[in-house]
1. Within the bounds of the range B:262-269, is there any residue that is surrounded by 15 or more Cβ atoms within 10 Å (Cβ to Cβ), within 25 Å of B:Gln73 (Cβ to Cβ) and in contact with a Phe, Trp or Tyr (Cβ under 9 Å, 6 or more places away or on another chain)?
2. Could you run through the range B:193-210 and say how many residues are surrounded by 19 or more Cβ atoms within 10 Å (Cβ to Cβ) and either within 17 Å of B:Val147 (Cβ to Cβ) or free of Cβ contacts under 8 Å to residues at least 24 places away in the same chain (or both)?
3. Answer with yes or no whether A:Pro158 is surrounded by fewer than 22 Cβ atoms within 10 Å (Cβ to Cβ) and in contact (Cβ under 8 Å) with a residue 24 or more places away in the chain.
4. Between a residue in the range A:278-290 that is crowded, with 20+ Cβ neighbours inside 10 Å and any residue that is part of a strand (DSSP E or B) and polar (S, T, N, Q), which pairs come within a Cβ distance under 6 Å, given they are 6 or more apart or on different chains?
5. May I ask you to list the residues in the range A:235-253 that are surrounded by fewer than 23 Cβ atoms within 10 Å (Cβ to Cβ) and within 13 Å of chain B (Cβ to nearest Cβ)?
6. From the list A:Val170, A:Val225, A:Val178, which one is crowded, with 16+ Cβ neighbours inside 10 Å, in contact with an Asp or Glu (Cβ under 6 Å, 6 or more places away or on another chain) and not assigned by TED's automatic domain parsing to the domain that holds A:Leu124?
7. Scan the range B:19-45 residue by residue and report those that are outside any helix (DSSP H, G or I) and within 14 Å of chain A (Cβ to nearest Cβ).
8. Determine whether the range A:510-520 contains at least one residue that is in a helix (DSSP H, G or I) and more than 20 Å from the chain's Cα centre (by Cα).
Amino acid sequence: MNFITRRTLLGGTAALGGLAALGLGNIPAFADEAGNKVLRLPLARAAGNLDPQRYVGIFAVQELIFDPLVQYTRGGVIEPALAESWDLAEDETSVTFHLRPDVTFTDGEKWNAASMVWNLERWLPKEDYNWLHISNNLDRIETVDDMTVAIHFTKPTPTALTEFTYVRPVRFLSPKAVDADGTYAEPVGTGPWKIEKDAPEGTELVPNENYWGTRPQLDKLSLVVIPDARSRMSALQAGDIDAMGGAFIAPVAPQEATTLKANGITVVTDTGTDTMLLGFNPRIELFKDVKVRHAFNLLIDREGIGAVLMKGFATPTMNLYPEVIAYSGKRYDVPKRDVEAAKALLEEAGWTGDGIRSRDGKPLKVELVVSEDAVPNSRALGEVLQAGFAEAGIDLSLRNVDHAARHGDIPEFKYDLSLFVTNGAPYDPYNTLGLMILSTIQPGTDGKIFEDPEVDPLIEAALNAPEGEREAAFQAVLDWLHDNWAMAPLYHAQRIWAHNDRIKAFEIPATEYEMPLKGLAL
Amino acid sequence: MKDFISTLRAVGWPINLLIAFFIFITLFGSFITPYDPNAQDLMSALQSFSTRHWLGTDNLGRDTLSRLISGAQTTLVGVTIILAMAGTVGMVLGTISGFFGRWVDEVIMRLVDFGLSVPSLFVALAIVGVFGPSYWNMIIALSIAWVPIYARLTRGVVKAAVNQPHIESLRVLGASRTRIIVHHLIPVALGQVLIYASADAGLLALAIANLSFLGLGVQPPLAEWGQMLVSGMPYLQEAPRLVILPGVALTLMVVGFNLFGESIALAKNPRPLSKRKLALRRQLFMKEKAA
């Protein structure tokens with residue numbers, strides 16, 4: 001009478017489970033067969049307001065929709081984009097753009113001198129944007145004919161072309177994509193992609209069928225917001241997303257890259273374009289002493305940090321810029337950690353005593369601002385520095401702050417020590433020197449790494465040097481900073497992307513402000 | 001003393017042993033850590049269990065066992081300070097409130113109600129948020145957050161005791177208010193507060209770990225379990241022990257103190273007589289009646 005015994009029940013369940021697994025295995029995860037090539041990438045936060053003149057949205061999403069006049073490619077080579085060609089005046093005081101014909105915005109509006117000038121006037125003459133030399137030095141915008149525009153500067157502006165490659169505020173919006181009073185209304189550009197759906201949980205883009213350049217080989221780009229790095233990693237391993245990476249898209253930390261690699265995910269790296277460095281607050285007495293800065297520099301175990309904290313995904317350095325940045329100058333030797341030499345220097349500087357050193361009764365206590373969400377891995381890095389400094393009698397405390405608090409404190413010099421990252425491509429070599437070191441410019445949200453009126457003329461000379469003299473002028477600045485131990489460069493981190501097998505060809509983009517879509521094949 | 005031992009006996013030896021173990025490493029931890037808990041050695045980072053490092057090393061090459069022991073110290077010292085501060089202030093407020101009654105009681109109790117209506121951890125988070133993260137700010141914040149609990153508890157005990165005949169007799173005999181409070185009310189309240197505190201210690205250990213996990217409590221280089229958890233998170237797959245070990249330690253401490261406090265409270269409560277005793281009583285009663 002007993003039809004269902006324990007054994008038949010268990011066996012039946014197992015068989016059912018097996019069938020279910022087989023069945024599931026047959027359901028295609030992607031509708032590839034239907035010719036539907038969908039690429040799914042994560043975003044660490046929502047794409048946000050994509051207004052090209054505001055600093056809110058995610059760069060890489062803005063870059064998909066809005067085109068530049070000229071495009072930055074590897075090594076700082078400038079290529080045509082919305083401008084088919086250009087003439088740079090001999091003295092670099094003006095640049096004339098010859099616009100690409102037959103280009104339309106995705107709402108049908110024509111790309112011509114009128115729409116270009118309409119865009120430029122929204123920001124170029126305004127004071128808010130004068131951190132850009134093209135804005136600061138602007139003389140006038142001249143419409144030569146319907147497809148030619150010349151921009152004149154008050155003085156030589158060697159950075160002009162590079163600055164026209166930037167994502168914001170430089171890119172071009174359709175003149176129809178604004179309200180009656182001229183405020184931004186919707187993201188309409190000439191770029192390879194257009195927005196299909198934009199929500200806090202993700203953004204979906206479809207190719208712009210009228211794009212002037214090489215059209216994307218994909219049918220859809222689906223950007224999913226996954227704020228937590230560990231969730232992104234499991235989504236990638238589960239096949240819910242196809243790739244992750246990019247400092248401002250969905251960053252992969254060195255430790256995460258190691259884990260992903262161990263799980264059979266392809267990890268792609270590329271030489272980084274920025275530098276992680278420890279900055280000394282230039283406005284406090286302690287760090288005006290070169291000997292102290294020198295001593296602090298000698299107490300850092302750069303090799304250990306690169307090998308262990310960064311899992312080898314970083315090159316220890318003493319340079320302000322990595323080699324891939326133009327005019328980054330000759331490579332300096334990375335000093336070995338030398339506690340005794342550092343102690344001697346501190347003694348010379350008047351900081352003496354056993355245990356915590358002191359001078360005139362004041363203990364050698366400094367505070368390092370760390371912000372895990374602004375500079376990933378900074379807490380562990382802080383702990384390594386803390387232990388290293390303690391050996392020479394320096395009491396380093398760590399102050400944990402969030403991203404917003406860091407952006408408030410750093411420009412106001414409310415710190416002793418802080419970690420900084422240089423701007424990287426396409427901004428460098430100009431921006432980090434011109435904004436974060438030149439003392440005559442107000443500190444931006446990223447603050448000042450160093451300032452000293454003595455180095456200002458050298459920086460000015462480098463920024464304005466004609467092409468032939470530029471290399472030597474930059475080298476002079478970099479040498480001065482190095483000889484004066486102005487900061488403590490730590491490492492050049494590698495750029496990391498990870499992708500699954502669905503992606504057949506993958507290429508890390510030229511800057512951290514782009515999606516890796518050129519050269520990507522499913 | 002006899003009372004103390006019989007209470008401990010009622011608690012049961014596994015829990016006693018666990019609590020004794022935690023107290024032992026708090027008192028003598030510094031002598032038994034095999035390494036300096038803050039000594040880094042980057043070149044031997046992330047090592048697994050070995051004879052050199054029994055519980056392996058963390059991401060900066062520090063000895064995990066030493067850090068766990070040092071973390072227990074940090075936590076229990078913190079818990080003790082907080083309980084002492086919150087208990088003292090709470091007891092003073094509660095006794096004043098219960099003894100004097102009327103508007104004093106009203107004012108203090110409404111403040112306490114306000115304090116109790118917001119979860120303690122939120123109060124602590126807000127205080128640390130305003131004054132900035134540091135060890136002492138965390139201690140003060142948690143103490144403030146825990147005061148209302150003890151004030152309310154003491155007030156209940158005092159209120160009940162104040163109307164007892166022996167207190168009334170004291171009043172009639174002319175004992176001063178101070179004498180009544182110090183010699184007759186506080187000892188009663190103290191017993192209750194200590195019982196409650198022994199159970200609360202676990203919760204507080206968790207609160208300290210919570211705040212430190214968020215980067216708002218104990219600051220590096222001081223070892224603390226919550227902090228060990230958060231710095232081990234990125235290594236969850238490569239070296240899960242970095243998360244599991246402090247997690248287990250924290251769980252043992254929280255569960256241990258909870259069971260400890262609960263058992264003491266149970267031991268102190270009058271229990272219904274067992275069947276055997278009841279039968280014995282009945283027999284005696286019947287005998288007496290027969291006689």
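The values are calculated or read from the model by the stated rules, or taken from the named source; none is laboratory data. Computed from a predicted structure; not experimentally measured. Here the Cβ positions follow ideal geometry from the backbone for every residue, glycine too, while neighbour counts run over all protein chains shown.
1. No, every residue in the range B:262-269 fails to be surrounded by 15 or more Cβ atoms within 10 Å (Cβ to Cβ), within 25 Å of B:Gln73 (Cβ to Cβ) and in contact with a Phe, Trp or Tyr (Cβ under 9 Å, 6 or more places away or on another chain).
2. 8
3. The answer is yes for A:Pro158.
4. A:Gly279/A:Ser418
5. Answer for the range A:235-253, where residues must be surrounded by fewer than 23 Cβ atoms within 10 Å (Cβ to Cβ) and within 13 Å of chain B (Cβ to nearest Cβ): A:Gln237, A:Pro251, A:Ala253.
6. Of the residues listed, the single one that is crowded, with 16+ Cβ neighbours inside 10 Å, in contact with an Asp or Glu (Cβ under 6 Å, 6 or more places away or on another chain) and not assigned by TED's automatic domain parsing to the domain that holds A:Leu124 is A:Val225.
7. B:Tyr35, B:Asp36, B:Pro37, B:Asn38, B:Ala39, B:Gln40, B:Asp41, B:Ala45
8. No; the residues of the range A:510-520 include none that is in a helix (DSSP H, G or I) and more than 20 Å from the chain's Cα centre (by Cα).
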